[in-house]
Amino acid sequence: MRNSLNKLKFIDFSKSSRLTACLFLLIFATLLTSLTAHADSADPINFIAGISRQHDDNLFRLPSSEQSDNITMAYAGVRLDKQYSMQRFKADFTLTAYRYQKYDVLDFDAKDYKGAWLWRLTPYLSGTLSADRKEQLTTFEDYRNFSVVTVQNIRTTETQHFEADFSPHGVWHLLGGVTRSTQNNSETFNAEDSFTMNSADLGVKYDFRSGSSITLMGHERRGTYEDRKLNSAALFDTRFDESEAEAKLSWLISGKSQLNARAAYVSRDHDNFSQRDYSGVAGRVDYRWTPTGKLSLTLSASSDLSSYQTDYSSYTRNNTLSISPAYAVSDKVTLRAAASISERSFLGDVGLPSNERVDTSKSLSLGVDWQPLRSVSVGASLARTSRDSNYTGLDFTDTMAGINANLFF
């Protein structure tokens, strides 16, 4: 750990990184010194800006010959939250510039947004119409090109969703809606390929007087791999159907503790290659405990299924345990930590002889947030991640350290 900490030196900016950092720091300082009005939750429109500097001592998640880099992230955005009669409108647009000091081939600008219309036609009929978009660099934990490790794969995910909630008595709810999801990779990534998926959602919900609730939902989905051609040799299909039945519980145990749980059964069938089909149980349990106004603790356990198509697997099961405490030292300073351990198994019979790949990952992070003013916050973080795999070349350890400053007005 000491050797890793010795690597956490913020070396000189490159020309482009220095220019980006100086520009955003100048904007940040100007806004801070000229600010005459504070951010207020009652304001319908608020603006945000921030910058962070992060050191990563194993950028490409390699078992040896690690390469480090310093990453500058600067962002600016606007948020809208407006109530008009029975209608509420929410929007959030953020532009983020990612700049790498050594590997500037990875530089990119992300344009992210979230928007929602929380509509209500009568006291008994309400719902949401929403859309969101996010751009991010696919991590090098899975996406690797060993001949050219610096290949950049930008993943763009978009979701459009409509839902309706009919509840004439405010106890039983009839829920229904439709969802359209897309995932696009800038580079070919067969394991988690680009796709479009449409879903029909239907269910019921029961609200208890205590504030707890139970929800039962069913989802029928149809997916298409837009940029993929049918490949019988690699067993790459072009379309799939997915069904999911889920039950959700939100339980207010007391004024200081709450439990949220989800259990689901998922089944995916492909049009041409049944070797890629899978089904099974998935779920998650989150328990939050706030014994005092300053201390909070969240315990989580989850088991997830997801498609991951290679020559040795069709899907993965990821089992995770995590704990996340937070302590408010004062009204302005908060300490936080998180620790997790997960086991990821690569499953699915594709007719090829191979040993089942199993990865075990561990992570530990520490952070501090300081909010000297209602509109200003600064923070620092330190994180350590490791992975052990029974497949050669997939082990790694990584340490990341960062600082950030944010303005909200």
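Kirkwood hydrodynamic radius for the stretch 247-353: how many Å is it when counted over pairs of different Cα atoms?
16.4
Share of the stretch 40-189's accessible area from carbon and sulfur, percent, 1.4 Å?
Accessible surface attributable to carbon and sulfur in the stretch 40-189 totals 57 percent.
Given an 8 Å cut-off on Cα distances and at least 6 residues of separation, report the relative contact order of the stretch 94-159 as a percent.
Relative contact order of the stretch 94-159: 27 percent.
Quick one: the Cα spread of the stretch 105-256 along its three principal axes, in angstroms, biggest first?
Dimensions of the stretch 105-256 along the principal axes of its Cα atoms: 61, 36, 32 Å.
Please list, or write none, the aspartates and glutamates whose alpha carbon is within less than 16 Å of the alpha carbon of LYS205, excluding same-chain residues fewer than 8 places away.
Within the straight-line cut-off, LYS205 pairs with GLU163, ASP165, GLU246.
Taking Cα atoms of the stretch 209-275, Rg/Rh with Kirkwood Rh, to two decimals?
Looking at the stretch 209-275, the ratio lands at 1.27.
For the stretch 278-333, what % of the accessible area comes from carbon and sulfur atoms, probe 1.4 Å?
Answer for the stretch 278-333 is 60 percent, counting heavy atoms of protein chains only.
Can you tell me how much longer the chain between ARG88 and GLU141 gets when fully stretched, taken as 0.36 nm per residue apart minus their C-alpha distance, in nm with one decimal?
Net length gain for the segment: 15.1 nm.
Go through the stretch 75-83 residue by residue and turn each phi into a ³J(HN,Hα) via Karplus (6.51, -1.76, 1.60, θ = phi - 60°); whole Hz please, and just put x for glycine and proline.
After applying 6.51 cos²θ - 1.76 cosθ + 1.60, I find 9, 8, x, 9, 10, 10, 8, 10, 9 Hz.
Run the Debye formula on the Cα coordinates of the stretch 45-90, all scatterers equal and no solvent, and tell me log10 I(q)/I(0) at q = 0.14, 0.16, 0.28 1/Å.
Summing over Cα pairs of the stretch 45-90 leads to -0.58, -0.63, -0.95.
Restricting to Cα atoms and excluding each atom paired with itself, what does the Kirkwood estimate give for the stretch 180-229 in Å?
So the Kirkwood estimate lands at 13.6 Å.
In vacuum, with every alpha carbon of the stretch 166-260 counted as one equal point scatterer, what does the Debye formula give for log10 I(q)/I(0) at q = 0.15, 0.16, 0.18, 0.26 Å⁻¹? Two decimals, please.
-0.75, -0.79, -0.87, -1.26
Where Rh denotes the Kirkwood radius from the mean inverse Cα pair distance, what is Rg over Rh for the chain?
On the Cα set of the chain, Rg over Rh gives 0.96.
What accessible surface, in Å², does a 1.4 Å probe find on LYS90, ignoring ligands, DNA and RNA and rounding to the nearest 10?
The accessible area of LYS90 comes to roughly 90 Å².
Defining a contact as two alpha carbons under 8 Å apart and six or more residues distant in sequence, what relative contact order in percent does the chain show?
Dividing the mean separation by the residue count of the chain yields 11 percent.
Using just the helices of the chain, give the 222 nm mean residue ellipticity in deg cm²/dmol: DSSP H runs with n ≥ 4 each add -39,500 (n - 2.57), and the total is spread over all residues, rounded to 500.
-2000 deg cm²/dmol
Name all residues of the stretch 236-275 having a backbone nitrogen under 19 Å from the label point set 7 Å from the Cα of ILE323 along its Cα→Cβ direction, giving them as ranges.
257-260
Within a Cβ distance under 10 Å of LEU106, other residues only, what is the Lys/Arg minus Asp/Glu net charge?
In short, -1.
Given a 1.4 Å probe, how much area per residue of the chain is accessible, in Å²?
Each residue of the chain exposes 55 Å² on average to a 1.4 Å probe.
Mind checking which of LEU366, ALA234, GLY223 is farthest towards the positive end of the chain's charge dipole, using Cβ charges of +1 (Lys, Arg) and -1 (Asp, Glu) about the Cα centre?
It is LEU366, whose Cα lies furthest towards the positive end.
Excluding residues on the same chain fewer than 8 positions from LYS102, give the aspartates and glutamates whose Cα lies under 14 Å from its Cα.
ASP12, ASP56, ASP57, GLU66, ASP69
The values are calculated or read from the model by the stated rules, or taken from the named source; none is laboratory data. Fair warning: this is a prediction, and the values are worked out from it, not measured in the lab. Every residue, glycine as well, gets a Cβ built from its backbone with ideal geometry; the counts of neighbours run over all protein chains shown. In case anyone asks, the SASA skips ligands and DNA or RNA and just uses the protein heavy atoms, side chains included. Shrake-Rupley method; radii C 1.70, N 1.55, O 1.52, S 1.80 Å.
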